[in-house]
Every structure is written in structure tokens, then in C-alpha cells.
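What follows is a single structure, written as C-alpha cells, with notes after it.
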Amino acid sequence: MYDGPERHPSEVATLSTHGTRLVQLDSRSPSVDDRVFRILPGQHLITVALDDEPPAGGRGRRTSQGALAVCAEVKAMHLYRVRPAYDGDRWGPEIFDETAGAVIPASVQKPENAHCVTGPSGLVDPFTATAATLERSGASSAQIEAAVAQMRPDPGATRVHVQSDADIRAGRGFDETYVPRSTLDLHMDLGYAGGGRDLVTATFANGEESTLSSGDGLILALGADFTPIWIGDVLGLGAGATFGLKYAEVGASNGRVSLLRFPLAATMNVFVGVSRRWLLLFRAGVVEDTNARLTGNGVANLPDIPLSSSLGFIGEAGVAFARGDHLGMSLTMRITAIDYSYGGETIPAANIGVVMSLYYNHWR
């Protein structure tokens, strides 16, 4: 985790996590599955969350509702392990230098206000250094204590939470920050769209009318999104495909006319993370409404009228939410530009709709 070309092993240190999850190294966020990191020698601000095996006799993993930060100065060719140190139902990160066989002394800080302070002989305690600096500037004891208190970890972040099966199913136990990005999403779509040319108008006994247009229909589909590229865990790039049915009908008790088709779409997808749980979703691609046909019964009795579909454009934009237990959902607006043809006549069927999707997320 450094800029520039890959360094020789003799020029870097190795940092690994054991019972913890690396949230951030300085200003960098790692891939959630990574447990071993090559870093440059020097001072680093290391932010981790608890993610440990179950305690003795327990079944649920030990996790934390927040992250904690520590400063460490590392040396080239040394192996460092970030592990949890427990004190009853509390925990804190501990950095162990495997090469030297010693624990590196470090003060635990709140990530939002954490910083490293250097003295003549290396890193110094940030709490003591901050207090001394404020005292020299003439700050009162109350002001000093308030500033130092802002650096101390929140009690909730230091408490050990033992996950139950119910926690995992409900997405509890991991702070929002640690919901992984997904590389493969399976989803089921439900929505409705309207638009296109009017095909049939039904008149009811009370004089009211209802119209069936070529772009109208209830949407039910299954799909998959493959997102192999995540840039900084913020921008996801990939592709997807969906196949389903779209159905609309109009009529009265004495006759009905229906329009059925089976849309098949292939898209390029872009996900933009606005937090670890919330993302913006954009799709654009091609679609074909396969096996489209117009049918009628009763007084509207019609032979099946097959409609040929052009290769159209589909665009979609909306928001997606990842619960953190492999489940998620999205709500999008979908625009489709497509035409049908029958007997040499082109029938515009462009439409706009709203789609809600339920997801199963496969984490990377």
C-alpha cells in the first residue's frame, strides 16, 4: 500500500492483521479481503476494527461497532501483526513486531481525530504531546481536557460485541464502514413502465376509458451484475444482464387485450459509493423485447399478433443499499428507447418506469 513502483522486499515492512480488520492505513482504504500489506518504513496511522474468532465456548465472532486508531513506526524487513488485546468486554489494537519479538507501545485514539506526533527520538504519546502544546499556548485546564477528550475512543468502539446467528442474518455486528464491496450481484426486479404509441382503448359502461400503449407493462425479471473493478472502493465498473417478462392489459368484463414480451438486456454498469452501505447506480446498454405479441379475447377477440422488436437502448439510474449480510436492494428509474414492427409498420415503444430490485451480494 504505497505509491510508485513495487519495491524490493528489503525496502518494505510487512503488516498483517490477526483478529482485526484493517480499515485504513494513513489515508488509504484496503480491499476488505486483504490481510497482509506491504508498507514503506516510517510512521503510519493504522485504523482497525475488531473481527476475531469466537471466544472460548462461544459461537459468534467478536466484532466492534467502530474502529480504533494507533500510530506505529515500522522498519524495513520487519513483520508486524495487528491483533486485539482484550480487557474483559473491552478491546484495543496491539501491534506486535514479530521480527523483534516485542509489542510496540501505542496509544489508542478515536480515528476521526487521530494523529501521530514525532519527538526527537521518534513517536511520542499524542495525548501528552497535545496537552503540552496547549499548555504552552496558555490554554486552561478545561480547554486542555476537552481537546484531549476529543482524541479518546468512543466507549462503544472499544466494547466487544459477540455476534449471534440472528445478528449476522439481520446485518448487525459490523459498523457501516466495513460492509464489503460486491463483485457478483444476483437480483430480482419488480417495476412498472409506461409510454409508447397507443394501441387499444377500452371504454367502460360508465364512460371511462383505459388505454394500452406499446411501452406499458408490469416488469418482472432476474438479473446478474458482475463488478470486477473497484477503484478505491468508491467507483465500481462492470457489466450485467437481465431477462424477464413485461405484461400489460386493458379491457372490461366482456373482453380484454394484452401485450406480453420477454425483455433481454445487456448493460455496462457503474457504481459510485457514497458510503459503505449506500451507492449510486448507473446502467446503460442494449435491450430486445423477445417474443412480443398482442392478443385479445371476448369481444376483443384477436389472433395472436407477433411484434418484431428492434435492438433498443436501456438506461437506468438510482440508489442501491447493501445491508451487510449479503442482501441489498435498489430503486432506479429506467428509460427504454425501442421500436416494434408489424406488417411493415414501425410502432414506437419508448417508455419510462420505476424498478425496485432485491439483491444477493457476493463479496470479493
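A compact table of results
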| item | result |
| --- | --- |
| Search result, residues across segment 78-102 that are over 17 Å from I39 (Cα atoms), over 28 Å from the mean Cα position of the chain (by Cα) and not small (G, A, S) | Y86, D87, D89, R90, E94 |
| Among the candidates Q163, Q143, residue that is within 28 Å of S275 (Cα to Cα) and either at pLDDT 80 or above or not hydrophobic (A, V, I, L, M, F, W, C) (or both) | Q163 |
| Residues located in segment 1-19, provided they are part of a loop (DSSP other than H, G, I, E, B) and in contact with a Leu (Cβ under 8 Å, 6 or more places away or on another chain) | M1, Y2, R7, V12, G19 |
| Unmet criterion (only one of (1) at pLDDT below 90; (2) surrounded by 15 or more Cβ atoms within 10 Å (Cβ to Cβ); (3) under 24 Å from T118 (Cβ atoms)) for S27 | (2) |
| Odd one out for D3, checked against (1) among the acidic types (D, E); (2) under 20 Å from V160 (Cα atoms); (3) out of contact with any Lys or Arg (no Cβ under 6 Å at 6 or more places or on another chain) | (2) |
| Residue in segment 302-320 that is aromatic (F, W, Y) and surrounded by 17 or more Cβ atoms within 10 Å (Cβ to Cβ) present | no |
| Filter result for L22 (in contact (Cβ under 8 Å) with a residue 12 or more places away in the chain, in a strand (DSSP E or B), within 23 Å of the chain's Cα centre (by Cα) and within 22 Å of H115 (Cβ to Cβ)) | yes |
| Of all residues in segment 30-77 being within 29 Å of the chain's Cα centre (by Cα) and among the polar types (S, T, N, Q), the one that is modelled with the lowest pLDDT | S31 |
| V124 in contact with a Pro (Cβ under 9 Å, 6 or more places away or on another chain) and not charged (D, E, K, R) | no |
| Any hit, segment 285-307, residues being under 19 Å from the mean Cα position of the chain (by Cα), over 25 Å from E209 (Cα atoms), part of a strand (DSSP E or B) and not hydrophobic (A, V, I, L, M, F, W, C) | no |
| From A67, A85, A76, residue being in a strand (DSSP E or B) and in contact (Cβ under 8 Å) with a residue 40 or more places away in the chain | A67 |
| Selection count where residues are surrounded by 14 or more Cβ atoms within 10 Å (Cβ to Cβ), small (G, A, S) and in contact (Cβ under 8 Å) with a residue 12 or more places away in the chain, scope segment 106-158 | 7 |
| Selection from segment 72-91 of residues that are in contact with a helix residue (DSSP H, G or I) (Cβ under 7 Å, 6 or more places away or on another chain) and crowded, with 16+ Cβ neighbours inside 10 Å | A76, W91 |
| Total residues in segment 267-295, condition hydrophobic (A, V, I, L, M, F, W, C), under 20 Å from S308 (Cβ atoms) and buried (at least 16 other Cβ atoms within 10 Å of the Cβ) | 3 |
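Rundown of residues vs (1) surrounded by 13 or more Cβ atoms within 10 Å (Cβ to Cβ); (2) closer than 28 Å to T183 by Cα; (3) small (G, A, S); (4) out of contact with any strand residue (DSSP E or B) (no Cβ under 7 Å at 6 or more places or on another chain), yes/no style:
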| position | (1), (2), (3), (4) |
| --- | --- |
| V12 | yes, no, no, no |
| G19 | yes, yes, yes, no |
| V23 | yes, yes, no, no |
| I46 | yes, yes, no, no |
| D51 | yes, yes, no, no |
| R62 | yes, yes, no, no |
| Q65 | yes, yes, no, no |
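The values are calculated or read from the model by the stated rules, or taken from the named source; none is laboratory data. Treat the numbers as computed from the prediction; the structure is a model and nothing was measured. Note that each Cβ is placed from the backbone with ideal geometry, even for glycine, and that neighbours are counted across all protein chains shown.
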